[in-house]
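Shown next, in C-alpha cells, is the structure this report addresses.
The values are calculated or read from the model by the stated rules, or taken from the named source; none is laboratory data. In this text the structure is predicted, and so the values were computed from the model without any measurement. Because the Cβ atoms are built from the backbone with ideal geometry, glycine has one as well, and the counts that use them run over all protein chains shown. The protein model used for the area step is the full one, side chains on, heavy atoms only, and it has no ligands, DNA or RNA in it. Shrake-Rupley method; radii C 1.70, N 1.55, O 1.52, S 1.80 Å.
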Amino acid sequence: MVNSKNYILAIESSCDDTSAAILCNTKVLSNVVATQEIHKQYGGVVPELASRAHQQNIVPVVHQALAKANIDKKQLSAIAFTRGPGLMGSLLVGTSFAKSLALGLNIPLIEVNHMEAHILAHFIEDETRTPPTFPFLAMTISGGHTQIVKVTDYFTMEVLGETLDDAVGEAFDKSAKLMGLPYPGGPLVDKHARQGNSLAYDFPKPKVDGLNFSFSGLKTSILYFLQRETQKNPDFVSENIDDICASVQYTILEILMEKLQLAVEQTGIKQIAIGGGVAANSGIRTRLKEAEKSLGWTTYIPKFEYCTDNAAMIGIVGYLKFMEGDFTDQSVAAKARYAIGSK
Ligand code: KG4
Ligand code: ZN
C-alpha cells in the first residue's frame, strides 16, 4: 500500500561491498557500506572470500542501517535487493536474506538490476544537485563495468555500447599494479597524474567500432613499455611515476571522451550522466566540465557515495518500482549475468 511516507530497506551484495540503506521515498535516511578489506592483499576481488564476508556482514549492516535511520523493521514498506549482475556467491547472500526478511515481515520484495541502479542513483534526493531530465546518456564506469546507455525513462534503457574485455576501473587498477602501486590503484594513478605531463608518453588507443570499448590492449602495451624502459633504467618507474600515470590516465580519458562524443553525435542527446567509482577521477570531471563549455553538454555526477557500489541506489530503484507496484515473487533467483532491460 502506497503511503505519503514509504520506507524501503535496500540491500546490495553484488561484488565486494556489503551495503544496506533505508530510504523514505526518494530521500536516503541511512546508507551503510562495509567494504571488504580482505581482498587488498590479493590485488583483486576473490569471489569465495567475498561471499563469506557478505555472510558475516549482512546482519550487522542491516541492523546499523535501521538504527541510523531510526526506523523499526515493522515500519518497512518493502525490501529491495540486487538480483544481478555480479558474482553469484555474493548475490546469493543478499538475495536469500532479502527474500527471508520480506517473507518474515510479510511485505513486498523488489528485485533490482545493479546496472540500472547505478544510473537511477541520479534520482536520489539531493539538495545540491538537480537530476537529469529524459532522455539522457548514462555512462557507468567502475571496476566492474563500462557502459553507455540511452535512458528514455526510468525503466526504458538501451545499452548503446559496453566493454568487450576489461572494465575501465580494471584498466586503471592493472596499470597501477604494473607500476607497483597497491590495489585499488585508480585513485593513486589519479593523484600522481595531477602532477605529471599527460603527453610525456604515447600509448595506443584500441580501434573498436561503434560505441563498444576495449581496455585489455592498453594494459599489454603499458606492460611492454615498462619492461623496455626498466631494462634501460631500473629506476624508470619511480623516477617518472607522475608522467607515466598522467599519460596512462590521458589515454583512458581520451577513449571515454571519444566514445561519449560519438554517442552524442549518434543520438543528438547532450545530457550526460556518469556514475561508478571511476566517476571520482579528477581528470574525467575536468574533461566533462570542458565539454560543457566547448560542446554545449550538460553533465551530471552524483555524490561520490552514490557512485561506488552502495545500497542507496538500489533503494531508489526499489522506491520507483514500489510506486508502480512492480513486485517480485518469492521464486526469484539471483542472476549473475543480467542485461539492462531483460527479465
Ligand atoms: O564502483 P566501484 O567502487 O566498484 C565497482 O563496482 O567496481 O569502483 C571501483 C573502481 C576501482 O577500479 C578504482 O580503482 C576506481 O573505481 N577508482 C578510480 C578513482 N577512484 C576509484 N579510478 C580512477 N580515478 C579515481 N579517482
Ligand atoms: Zn557497480
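All but one of (1) under 13 Å from the mean Cα position of the chain (by Cα); (2) within 8 Å of ligand 1 (Cβ to nearest atom) hold for residue 185; which doesn't?
(1)
Considering only residues that are of a type in the set (Val, Ile, Thr), closer than 25 Å to residue 182 by Cβ and within 16 Å of ligand 2 (Cβ to nearest atom), which ones fall in the range 235-284?
Scanning the range 235-284 gives a single hit, 278.
Just need a number here: residues in the range 285-327 that are more than 22 Å from residue 6 (Cβ to Cβ), assigned to a helix (DSSP H, G or I) and open to solvent by less than 20 Å² (accessible area, probe 1.4 Å).
Matching residues across the range 285-327 total 2.
What number of residues in the range 19-35 are within 12 Å of ligand 1 (Cβ to nearest atom) and surrounded by fewer than 22 Cβ atoms within 10 Å (Cβ to Cβ)?
Total satisfying the criteria: 2.
Taking the range 313-340 on its own, how many of its residues are out of contact with any helix residue (DSSP H, G or I) (no Cβ under 6 Å at 6 or more places or on another chain) and under 21 Å from residue 149 (Cα atoms)?
8
Determine which single condition residue 229 fails, assuming it passes every other condition in (1) more than 16 Å from ligand 1 (Cβ to nearest atom); (2) outside any helix (DSSP H, G or I); (3) among the acidic types (Asp, Glu).
It is condition (2) that residue 229 fails.
Can you say whether residue 337 is among the basic types (Lys, Arg), within 16 Å of ligand 1 (Cβ to nearest atom), at pLDDT 95 or above and not in a helix (DSSP H, G or I), as far as the supplied structure shows?
When the stated conditions are applied, residue 337 passes them.
Looking at 16, 72 in this structure, which one is of a type in the set (Asp, Glu) and within 16 Å of ligand 1 (Cβ to nearest atom)?
16
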